[in-house]
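Structure record follows, encoded as structure tokens.
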Amino acid sequence: MTVAPTVAQTVGRTLVETGIRQVFGVVGSGNFAVSNAMVAAGARFVTARHEAGATTMADAYARLSGEVAAVTVHQGCGFTNTLTGLTEAAKSRTPLVVVAADVTEERSNFYVDQAALARAVGALTVTVAGPAGAHAAAVEAVRAARSDRRTVVLNLPLSVQAEEVHEVGAVPASGGPVLSIAEGEIQRFAALLEASEAPVFVAGRGARGARRELELLAGHTGALLATSAVAKGLFAGSPWSLDVSGGFASPLAAELIEASDLVVGWGCALNMWTTRQRALVGPGATVVQVDLDPTAPGRHLPVDLGVHGDVAEVADRVRALVTARPGRRTDALSHRIASGIRWRDVPFDDLSTDEEIDPRTATVILDDLLPGERVVSVDSGNFMGYPSMFLSVPDERGFCFTQAYQSVGLGLATAVGAALAQPHRLPVAALGDGGALMGISELETVVRLGLPLVVVVYNDAAYGAEVHHFGPGGGDLSLVRFPPTDFAAIARGYGFDAETVRRPADLDAVAGWLSGDRARPFLVDLKVVRSEPSWWLEEAFRGH
């Protein structure tokens, strides 16, 4: 006699059959059955040490793999532990399914309104109401994640998990709706490009996978190329790439973007970060925004034209309507870009002492030491510009920047997800000391998974952004400064190799580790100078 599967088993199996291959989570009684069902169906399950870490790992994995990822968590407290990572994923429109056990009895100590909490942070919700709808609910969760590029919470009530499912239909073919692009918008866009003498394209996360189409259109119209921070690397290797637009833009990049008479955002929010609070949009510049989300154009910056459509398709259709011309693409400008667009080519005064190293100096050395095939994950904090500006990446899959919510503490978990999504590359996590301590339990996850991760802690023994923002005005900084932390010792306790770095020569230890078998992950405790504020965060504070 065949035993009918339970609701939990059906949901788990259906999620995998619908395309989810990678699952993260912290397993408790409420998600035990569904987690094991996903493993039995062929998914890889990675156990994290905290639900916040599990959610952020899944977010990073989905970003850098191009797949829908999943997280499973316990009801109540397990779900509420996901909320910061869930908010980051939802704001970034990461295709992610969070499978959360749920209780519907308000007298239970585990009860919270999980659907309301999910909606409050921008996620979609689907609830498994019973056996008859278990299969359809799982299919819908994956469909919404993949086709609508949304983060979805799939609530799985305890009261129905053990019920038997006797009829399950076939999994429908996946695929999103056909998007119709208004011909009038294409014509207007082409006319604006025809009239432009100095266009610049700023590509965001929504432009991933469209490098070829954007480069063809840019070459046809003489446009220069830049990205938002999250899409860093998209145009790596192009002689017309300005790298990142916004607070991380080099002086030359900022000059050229500001001098553009047409700014086109491709799958890019054009928010205060990317436009440096609109300072990079020159007076009189025309602004066009292309996005799959029809509500995106104009949300952060007034636009002259919003185009609702797929980036690659819009670029191809517009290219067929415009006349080829060089624009600003001259030999002289090509030479300027080649010699001065990188931050490491901008002269700076090295502030290193015998006890503390300038983070710019340290990061330039690391950029030279680390192999080019790398995937860099950056936490939030006063330090974050140094790895973002001074570490090069091979392409847009080589950089993971979970900063839509700007939460400190997500960086280490981000690096785990990124490493699993790009296993052929050396994973690098760039953390501040505050963020490293917030997520430190995931060091054990790194060791358990055998990841050859390089963790770089920019350690100023403080919440540096607050020190530099409030200190000049005479603020009491005792709440944001801390005693020294020996991260190297902590890391060794987890099973890492580690080195404390105060001087450039101390980074020779990284070279030694790289030339070895890399059997254990490596942590670099950079004791960085604390005298310099981060100008990119000063701009943000002014913006708020």
remark   = Of the listed residues (ASP113, ASP102), the one being in contact with a helix residue (DSSP H, G or I) (Cβ under 8 Å, 6 or more places away or on another chain), among the charged types (D, E, K, R) and not assigned by TED's automatic domain parsing to the domain that holds GLY206 is ASP102
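Can you name every residue in the range 247-262 that is under 16 Å from ALA223 (Cα atoms) and out of contact with any helix residue (DSSP H, G or I) (no Cβ under 7 Å at 6 or more places or on another chain)?
Scanning the range 247-262 gives ALA253, ALA254, GLU255, LEU256, ILE257, GLU258, ALA259, SER260, ASP261.
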query = Is there a residue in the range 52-70 that is assigned to a strand (DSSP E or B) and either modelled with pLDDT under 95 or surrounded by 24 or more Cβ atoms within 10 Å (Cβ to Cβ) (or both)?
reply = yes
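Do the conditions hold for THR361, that is, is it surrounded by 16 or more Cβ atoms within 10 Å (Cβ to Cβ), among the polar types (S, T, N, Q) and either assigned by TED's automatic domain parsing to the domain that holds ASP460 or at pLDDT below 95 (or both)?
It is true that THR361 is surrounded by 16 or more Cβ atoms within 10 Å (Cβ to Cβ), among the polar types (S, T, N, Q) and either assigned by TED's automatic domain parsing to the domain that holds ASP460 or at pLDDT below 95 (or both).
Rundown of residues vs (1) more than 22 Å from ARG360 (Cβ to Cβ); (2) assigned by TED's automatic domain parsing to the domain that holds ALA465; (3) surrounded by fewer than 17 Cβ atoms within 10 Å (Cβ to Cβ); (4) of a type in the set (S, T, N, Q), yes/no style:
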residue: ALA488; (1), (2), (3), (4): no, yes, no, no
residue: ALA511; (1), (2), (3), (4): no, yes, yes, no
residue: SER515; (1), (2), (3), (4): yes, yes, yes, yes
residue: ARG520; (1), (2), (3), (4): yes, yes, no, no
ask   = Exactly one of (1) in a loop (DSSP other than H, G, I, E, B); (2) out of contact with any strand residue (DSSP E or B) (no Cβ under 6 Å at 6 or more places or on another chain); (3) in the same structural domain as THR221 (by TED's automatic domain parsing); (4) surrounded by fewer than 19 Cβ atoms within 10 Å (Cβ to Cβ) is unmet by SER352. Its number?
value = (3)
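Conditions (1) assigned by TED's automatic domain parsing to the domain that holds ARG425; (2) among the hydroxyl-bearing types (Ser, Thr, Tyr); (3) within 19 Å of the chain's Cα centre (by Cα), marked per residue:
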position: THR2; (1), (2), (3): no, yes, no
position: ILE20; (1), (2), (3): no, no, no
position: PHE24; (1), (2), (3): no, no, yes
position: GLY30; (1), (2), (3): no, no, no
position: ALA33; (1), (2), (3): no, no, no
task = Taking the residues in the range 75-118 that are surrounded by 17 or more Cβ atoms within 10 Å (Cβ to Cβ) and of a type in the set (Asp, Glu) as candidates, determine which candidate is nearest to the chain's Cα centre (by Cα).
result = GLU88
task = Report yes if ALA40 is of a type in the set (Gly, Ala, Ser), free of Cβ contacts under 8 Å to residues at least 40 places away in the same chain, surrounded by fewer than 24 Cβ atoms within 10 Å (Cβ to Cβ) and out of contact with any helix residue (DSSP H, G or I) (no Cβ under 7 Å at 6 or more places or on another chain), otherwise no.
result = yes
key: Test: residue in the range 332-349 that is part of a loop (DSSP other than H, G, I, E, B) and within 24 Å of ARG492 (Cβ to Cβ)   = no
task = Within the range 246-289, track down each residue that is under 23 Å from the mean Cα position of the chain (by Cα), touching a residue at least 40 places away in the same chain (Cβ under 8 Å) and not in a loop (DSSP other than H, G, I, E, B).
result = ALA253, VAL264, GLY265, TRP266
inquiry  = As an exercise: evaluate ASP506 against (1) modelled with pLDDT of 95 or more; (2) of a type outside the set (Phe, Trp, Tyr); (3) surrounded by fewer than 17 Cβ atoms within 10 Å (Cβ to Cβ) and give the number of the one condition it does not meet.
reply    = (3)
note = Selection from the range 318-333 of residues in contact (Cβ under 8 Å) with a residue 60 or more places away in the chain and exposed (fewer than 13 other Cβ atoms within 10 Å of the Cβ) yields THR323, ALA324, PRO326
note = The number of residues in the range 478-499 that are in a strand (DSSP E or B) and closer than 21 Å to LEU426 by Cα is 3
task = Count, please, the residues in the range 126-158 that happen to be among the polar types (S, T, N, Q) and crowded, with 21+ Cβ neighbours inside 10 Å.
result = 2
inquiry  = Only one of ASP486, ASP460 is touching a helix residue (DSSP H, G or I) at 6+ places or on another chain (Cβ under 8 Å), over 24 Å from GLU373 (Cα atoms) and touching a residue at least 12 places away in the same chain (Cβ under 8 Å). Can you tell me which?
reply    = ASP460
inquiry  = Here are the criteria: (1) within 29 Å of PHE348 (Cβ to Cβ); (2) in contact with a Ser or Thr (Cβ under 8 Å, 6 or more places away or on another chain). Tell me which single one GLY417 does not satisfy.
reply    = (1)
key: Output for the range 370-420, where each listed residue is surrounded by fewer than 24 Cβ atoms within 10 Å (Cβ to Cβ), aliphatic (A, V, I, L, M) and not in a loop (DSSP other than H, G, I, E, B)   = MET389, LEU420
message = Please pick out the residue among VAL287, VAL281 that is modelled with pLDDT of 95 or more and in contact with a strand residue (DSSP E or B) (Cβ under 8 Å, 6 or more places away or on another chain).
response = VAL287
task = Go through the range 11-51 residue by residue and tally those that are outside any loop (DSSP other than H, G, I, E, B) and touching a His at 6+ places or on another chain (Cβ under 7 Å).
result = 1
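The values are calculated or read from the model by the stated rules, or taken from the named source; none is laboratory data. All figures in this text were calculated on a predicted structure; none of them were measured in a lab. No Cβ is skipped: glycine too gets one built from the backbone with ideal geometry, and neighbour counts run over all protein chains shown.
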